[in-house]
Amino acid sequence: MAKVLVLKVTMINDKVSYSTAILNKFIEVYKNKYKNDEIIELDLTNEPMAQKALTRDNMGNFWNKDDSEKYIDQLKSVDKLILASPMVNFNIPAILKNYIDHVFLADKLFSYKYSKKGDAIGLLDKLKVQIITTQGAPVGWYPFSSHTEYLRGLWEFAGAKINRPIVISGTKVEPYSKMDINDFVKSELDNIMESLKEF
Ligand SMILES: Cc1cc2nc3c(=O)[nH]c(=O)nc-3n(C[C@H](O)[C@H](O)[C@H](O)COP(=O)(O)O)c2cc1C
């Protein structure tokens, strides 16, 4: 039995959120495939830690037990992570960055200690990550930005294995923008199942 952490990030209402619709469908088909797995859901909108950005004023106490250690322990206790994130201003939303800033600590998620070449060694080497990303613009409109590749690189840096990402680009333009959310999910079912195969 595997333990799975689901990280929900979006600022968009559930009824009209593309990333939530994909995330929910992915969890549904995942549960069908792995009936005994334990799923833990973490919605960053509801986590006080994710509302706190690192500043000069809080640096001394930023990585405390409640805001940091608790989430690091949680991350280390799971076998899989399913992370769904939209794009905001060409990047991940600030609440996800705040989460990352609280958990990506040297000697917890990565270490330089045993590195021969001077680069970091990821300590989450048992973790498998499913990335789900959405963005309003179609792929290629703004080549300078990819939150998908940022997330891939980040979790690889921590030693995790990245499954085939589910990338939804162009939610603000047709055909997605004109679709009912249920029809949208149906149209992405093959995409979802393709990633589930290896996860
Ligand atoms: C404040 C804000 C900023 C956004 N910035 C971008 C952006 O830089 N590039 C982009 O392609 N889409 C951008 N979008 C569009 C969202 O990424 C897109 O609508 C996404 O599907 C919303 O999340 P959802 O998938 O949970 O519905 C932005 C949306 C909002 C609300």
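The table below gives the values:
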read-out	value
Nearest-0.05 FRET efficiency for residue 57 and residue 161, computed from C-beta distance (R0 45 Å)	0.75
Per residue, in Å², the accessible surface of the chain once ligands and nucleic acids are set aside, probe 1.4 Å	54 Å²
Nearest 10 degrees, 0 to 90: helix 189-198 Cα axis against the chain principal axis	40 degrees
Trypsin sites (Lys or Arg not before Pro) restricted to the stretch 103-141 and DSSP loop, no more than 10 other C-beta within 10 Å	113, 116, 117
Over the chain, volume per residue of the alpha carbon convex hull, in Å³	139 Å³
Helix-only CD estimate at 222 nm, as mean residue ellipticity for the chain, using -39500 (n - 2.57) per DSSP H run (n ≥ 4)	-9000 deg cm²/dmol
Computed magnitude of the charge dipole of the stretch 86-199 (debye, nearest 20; Cβ of K, R +1, Cβ of D, E -1)	440 debye
Cα-based helix-to-principal-axis angle, 147-157 vs the chain, degrees rounded to 10	40 degrees
Rounded percent of accessible protein surface that carbon and sulfur make up, the chain, 1.4 Å probe	51 percent
Cα-centred dipole magnitude for the stretch 3-198, charges only on beta-carbon of K, R (+1) and D, E (-1), debye, nearest 20	420 debye
Given charges at beta-carbon only (K, R positive; D, E negative), |dipole| of the stretch 48-153 in Debye	240 debye
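The values are calculated or read from the model by the stated rules, or taken from the named source; none is laboratory data. Bear in mind the structure is a predicted one, so any value in this text is a computation, not a measurement. Heads up, the Cβs are rebuilt from the backbone with ideal geometry, glycines too, and the neighbour counts pull from every protein chain shown. When the accessible area is computed, the model is the full protein with side chains, heavy atoms only, and any ligands, DNA or RNA have been set aside. Shrake-Rupley method; radii C 1.70, N 1.55, O 1.52, S 1.80 Å.
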